[in-house]
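Below: the structure, in structure tokens.
The values are calculated or read from the model by the stated rules, or taken from the named source; none is laboratory data. Remember, it's a predicted structure, so these values are computed and weren't measured experimentally. A quick note on method: Cβ atoms are made from the backbone with ideal geometry, for glycine too, and the neighbour counts reach across all protein chains shown. For the accessible areas, the whole protein counts, side chains as well, though only heavy atoms, and no ligand, DNA or RNA atoms are used. Shrake-Rupley method; radii C 1.70, N 1.55, O 1.52, S 1.80 Å.
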Amino acid sequence: MSSALCAQDLVKRFRNVPVLNGLNLDVPEASVFGLIGPNGAGKTTTIKILMNILKATSGRTEVLGADSRHLGPSDLKHIGYVSENQEMPEWMTVEYFLAYLKPFYPTWDEARAEELVRQFNLPRGRKLRHLSRGMWMKASLASALAYRPRLLVLDEPFSGLDPLVREDLIEGLLESAGETTILISSHDLADIESFASHIGYLDRGRLQFSEEMTSLSARFREVEVIVEPPATLPADRQWPATWLRPEATQALVRFVETRFDPEHSPGEIRRLFGKVQQISVNPMPLRAIFVTLARSTSRTA
Amino acid sequence: MRQTLHILRKDVRYLRGEICLVLVLGAVFVWTETHSPDPWWVEMLLTVAAGYLIARLIHAEVLPGDRQFWITRPYGWNSLLGAKLLFMLVFVNLPISVAQLLILLADGFPLGSSFPGLLWSQVLMILGVSLPIAALAAMTSGMVPFIFSMLILLAIGFGSQQMIWSPRPLWLRQALQWPAGVEWVRDSIAIIVLAAIVLSILYMQYKNRRTLFSRTFALGGVALGIVAYMYMPWPFAFAVQSQLSKPRIDGSSLGIALDPSSMKFSASFPQHGLQHVEVDLSIEVGGIPGGFDLQADALAATFQGPDGRTWKSGSFDFSSPNKDSNRQGVVTLHGTGLMDPSFFNEERDKMVTLQASLYLALFGNARAKTIVLRDTPVNVMDGLQCYSSILGDLLCRSAFRWPNLLVRASVGGANPNVFTQFISYSPFPASMHLNPIETRLASASTLSTHEVTIIVSEPLAHFRRDFEVRGVHFVDFAAVKK
């Protein structure tokens, strides 16, 4: 599968403060790639460099096969960008905003624009400055979806929105998924989980992992082991590096297995704990995976 | 081009209120110019409104920053810049030039002869006002930083103007004050340099949005420009002037000669708080052929004491030359310059040598026309209109600039009075003013007469005479100024 977006050894420093430390990222075409990570991980900076809004200190980035440092009008005709922090022409009404943008895009689909206005229930005659945050974000997204971009980049689009608006936005996005590659950075992991095909976890300026959502969900498991009391954790050198956040109470040991394999993992558990009374293995939601990773990496840091 | 027009239409819609304001102020400007004696406040309001409109126009697509929606949209930088420039032409310069045209027509100036001035006036306004404002707006992220930067620049400009007339520091005043005749050379260089800086900034900002680099470039360029403006030697401008104006008469063959022995010298200074010493020089010039008039444009003087200390003067100001009625072809020139008091006090009892270069202009081809004075302007010649004020002052005016002619008025057969000795020899048809009419006052009362003869002479040659006077003894001439 070819890449819609890629970054190689990307470094960005703001006045000698490193934000990105050799980031490598690959977003496959036609994927919905969720870029997650704690605050200050470098998600927005990565996106701004990919969109040629910021210059990287070093490294290489490509967007739709073009060097992102040279993204020009001909490339931007096929790219949509929506960010919670964008400054919009607030004096424009929704209708005028869409009409104004139309001539910039040869692929502008008037019927699709009409459909999005209806679907998002946008008030055509209202100025952007008078829209609620949710409506404002919908208008922004509609203006990016109406020309059926090949790539859609969304920076924290769900931040501060109520569940209904999120649902509307996701619905709008899902209709474009498939024909459009979507890169979305968000803290709203439950929402991302519902439609992302790939996940990248960014922390301290590096991509800690990047993989398909199905594979990620399959390999992360919360494991509870009931042993004969008192439960003790094996010595550090015996504790596998893929087992995170270990906890032990009287007869219970709990941890997160990050490389769960139904054939080998139970045997490994039994080998380490000796007399095991019961092993229960539970799938984890993305949010739990994110918290586990964030806490583990902050502890190692 | 389609994108340019599309952005232009959007900007017109966005700024329709501001456009109306400029148009209304333009109309008020026309009305007041043709009905009021000194509508400076309208000019000021129109300038501020036009500047505000330009800044708002540029800020419609703010260039510094990383959050603007338009930077991730397929805008072509040249389309965007083109739209902004086209807007400025159509909604700032065009209304102003129409207002100027209406004023000229209402005041009876012929359209044909005013047209070059009208066009040149707009060229100067674009290069000297509109584009610098646009460049400043292109480096600022909103109206607050724009106004703040504008106020700083205005304060620097106003401060420089004040320094020209302030006695201190003397070196700065001497550096800034140029002979009026050739000041256009320095102003033209300044406008060219300014235009080069602002066009580079607009190009860099619209193409690459490298704001930090643009700001550094602007600051560096302006600082270098100010230094160059201050230290540009004015004698060089006379060399340029001599090169540009083909002499229609050879000044060296006319036998015009200075008589250094006729030189009179006086120095006066304030009794308390010595700030500068005023040096007055008068010198006779003879051999001026009949039908010609001589004007002194400037004098560069170097005083050298026996101890080797020197004082280089700035340009001396000259009043109208006095003709010697008993001696044909002889005039006395009167010039005033300033001297550093420390040099004066050090050398006051010593014999000082003066080395000087006197820059002269010879006027001829005189034409005269007698008109019946009215309180409304009468077309005279060479684009001049003259009239009498209620107080009996004789006033003449011309479109866009005072002509580079020696204009004199003879009232009731008396010796002609020169309207102004500050004649710019600029070859350009307009100076940078919003008001398209420049008026000058003659020091002659018209209360006792109804007729006046206006005489105009053309500059035929610019030339320089060097001379040296030894044994100047300051203390002999010193007088305390009360």
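Sort out which residues of the range B:67-93 are of a type in the set (A, V, I, L, M), more than 14 Å from every other protein chain (Cβ to nearest Cβ) and under 16 Å from B:Leu5 (Cβ atoms), and write them in order of number. Break it down stepwise before answering.
Filtering the range B:67-93 for residues of a type in the set (A, V, I, L, M) gives B:71, B:80-81, B:83, B:85-86, B:88-90, B:92.
Within this subset, residues satisfying the condition of being more than 14 Å from every other protein chain (Cβ to nearest Cβ) are B:85-86, B:88-90, B:92.
Selection gives B:Leu85, B:Leu86, B:Met88, B:Leu89, B:Val90.
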Inset, instruction - Please verify whether the range B:214-222 includes one or more residues that are surrounded by 18 or more Cβ atoms within 10 Å (Cβ to Cβ) and either closer than 25 Å to B:Val285 by Cα or modelled with pLDDT under 85 (or both). - result: no
Legend entry - Flag if B:Thr72 is free of Cβ contacts under 8 Å to residues at least 40 places away in the same chain, touching a helix residue (DSSP H, G or I) at 6+ places or on another chain (Cβ under 7 Å) and not aliphatic (A, V, I, L, M): yes
Legend entry - Pair list, Cβ under 6 Å, 6 or more apart: the range A:26-51 residue under 17 Å from A:Ala190 (Cα atoms), other residue crowded, with 21+ Cβ neighbours inside 10 Å and small (Gly, Ala, Ser): A:Val32/A:Ala196; A:Gly34/A:Ala196; A:Leu35/A:Ser185; A:Leu35/A:Gly200
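Residues are listed down the side, and each one gets a yes or a no for (1) modelled with pLDDT of 85 or more; (2) aliphatic (A, V, I, L, M):
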| position | (1), (2) |
| --- | --- |
| A:Arg126 | yes, no |
| A:Met135 | yes, yes |
| A:Val165 | no, yes |
| A:Asp188 | no, no |
Legend entry - Residue ID - modelled with the highest pLDDT, chosen from residues in the range A:281-301 that are open to solvent by less than 30 Å² (accessible area, probe 1.4 Å) and not aliphatic (A, V, I, L, M): A:Thr292
Inset, instruction - Give the residues of the range B:312-326 that are touching a residue at least 60 places away in the same chain (Cβ under 8 Å) and either within 20 Å of the chain's Cα centre (by Cα) or within 13 Å of B:Asp297 (Cα to Cα) (or both), sorted by residue number. - result: B:Gly314, B:Ser315, B:Phe318, B:Ser319, B:Ser320
Inset, instruction - Identify, by number, the condition in (1) crowded, with 19+ Cβ neighbours inside 10 Å; (2) hydrophobic (A, V, I, L, M, F, W, C); (3) over 28 Å from A:Ser296 (Cβ atoms) that A:Leu25 doesn't meet. - result: (3)
Inset, instruction - Give the residue, chosen from A:Ala41, A:Ala30, that is open to solvent by 30 Å² or more (accessible area, probe 1.4 Å), aliphatic (A, V, I, L, M), part of a loop (DSSP other than H, G, I, E, B) and more than 14 Å from chain B (Cβ to nearest Cβ). - result: A:Ala30
Legend entry - Unique match (being assigned to a loop (DSSP other than H, G, I, E, B) and either under 29 Å from B:Ser398 (Cα atoms) or touching a helix residue (DSSP H, G or I) at 6+ places or on another chain (Cβ under 8 Å) (or both)) among B:Gly108, B:Gly117, B:Gly128: B:Gly108
Legend entry - Set B:Gly329, B:Gly291: member being small (Gly, Ala, Ser), touching a residue at least 12 places away in the same chain (Cβ under 8 Å), on the phi > 0 side of the Ramachandran plot and loosely packed, with under 14 Cβ neighbours inside 10 Å: B:Gly291
Inset, instruction - Those residues that are assigned to a helix (DSSP H, G or I), at the interface with chain B (Cβ under 8 Å from one of its Cβ atoms) and among the polar types (S, T, N, Q), I need them from the range A:49-92; list them, please. - result: A:Ser74
Inset, instruction - Inspect all residues belonging to the range B:29-46 and state whether any of them is in contact with a helix residue (DSSP H, G or I) (Cβ under 7 Å, 6 or more places away or on another chain) and within 14 Å of chain A (Cβ to nearest Cβ). - result: no
Inset, instruction - Would you mind telling me which numbered condition in (1) within 14 Å of chain B (Cβ to nearest Cβ); (2) buried (at least 21 other Cβ atoms within 10 Å of the Cβ); (3) out of contact with any Ser or Thr (no Cβ under 6 Å at 6 or more places or on another chain) A:Leu152 fails? - result: (3)
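At least 2 residues that are modelled with pLDDT under 85 and open to solvent by 40 Å² or more (accessible area, probe 1.4 Å) in each: list the strands (runs of 3 or more DSSP E) lying fully within the range B:362-463 that qualify.
On the way: elements: B:385-388, B:393-399, B:406-411, B:437-445.
Output list reads B:437-445.
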Inset, instruction - Please work out which one of (1) of a type outside the set (A, V, I, L, M, F, W, C); (2) within 28 Å of the chain's Cα centre (by Cα); (3) at pLDDT below 80; (4) open to solvent by 30 Å² or more (accessible area, probe 1.4 Å) is the condition B:Thr336 fails and give its number. - result: (3)
Inset, instruction - Read through the list (1) farther than 20 Å from A:Phe33 by Cα; (2) away from chain B (no Cβ under 14 Å); (3) surrounded by fewer than 19 Cβ atoms within 10 Å (Cβ to Cβ), then give the number of the only condition that A:Phe120 fails. - result: (3)
Inset, instruction - State which residue pairs qualify: first residue closer than 15 Å to B:Tyr52 by Cβ and among the aromatic types (Phe, Trp, Tyr) and inside the range B:136-156, second residue open to solvent by less than 50 Å² (accessible area, probe 1.4 Å) and in a helix (DSSP H, G or I) in any location, beta carbons under 7 Å apart, and separation of 6 or more residues or different chains. - result: B:Phe146/B:Ala55; B:Phe146/B:Leu136; B:Phe146/B:Ala137
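Kindly indicate whether any position in the range A:129-147 is out of contact with any helix residue (DSSP H, G or I) (no Cβ under 7 Å at 6 or more places or on another chain), among the basic types (Lys, Arg), open to solvent by 30 Å² or more (accessible area, probe 1.4 Å) and without any contact (Cβ under 8 Å) to a residue 60 or more places away in the chain.
Within the range A:129-147, the subset out of contact with any helix residue (DSSP H, G or I) (no Cβ under 7 Å at 6 or more places or on another chain) is A:129-130, A:132-133, A:135, A:140, A:144, A:147.
Then drop every residue that is not among the basic types (Lys, Arg), which leaves A:129, A:133.
The next check asks that each one be open to solvent by 30 Å² or more (accessible area, probe 1.4 Å); those that pass are A:129, A:133.
Those left that are additionally without any contact (Cβ under 8 Å) to a residue 60 or more places away in the chain: A:129, A:133.
Yes, the conditions are met somewhere in the range A:129-147.
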Inset, instruction - Scan B:Val185, B:Val227, B:Val129 and give me the residue that is crowded, with 17+ Cβ neighbours inside 10 Å, closer than 30 Å to B:Phe463 by Cα and of a type in the set (Val, Ile, Thr). - result: B:Val185
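Within the range B:11-24, identify whether any single residue is touching a strand residue (DSSP E or B) at 6+ places or on another chain (Cβ under 6 Å), within 14 Å of another protein chain (Cβ to nearest Cβ) and within 30 Å of B:Thr211 (Cα to Cα), and answer yes or no. Don't jump to the end; show me each part of the working.
Initial filter on the range B:11-24 (touching a strand residue (DSSP E or B) at 6+ places or on another chain (Cβ under 6 Å)): none.
No, every residue in the range B:11-24 fails to be touching a strand residue (DSSP E or B) at 6+ places or on another chain (Cβ under 6 Å), within 14 Å of another protein chain (Cβ to nearest Cβ) and within 30 Å of B:Thr211 (Cα to Cα).
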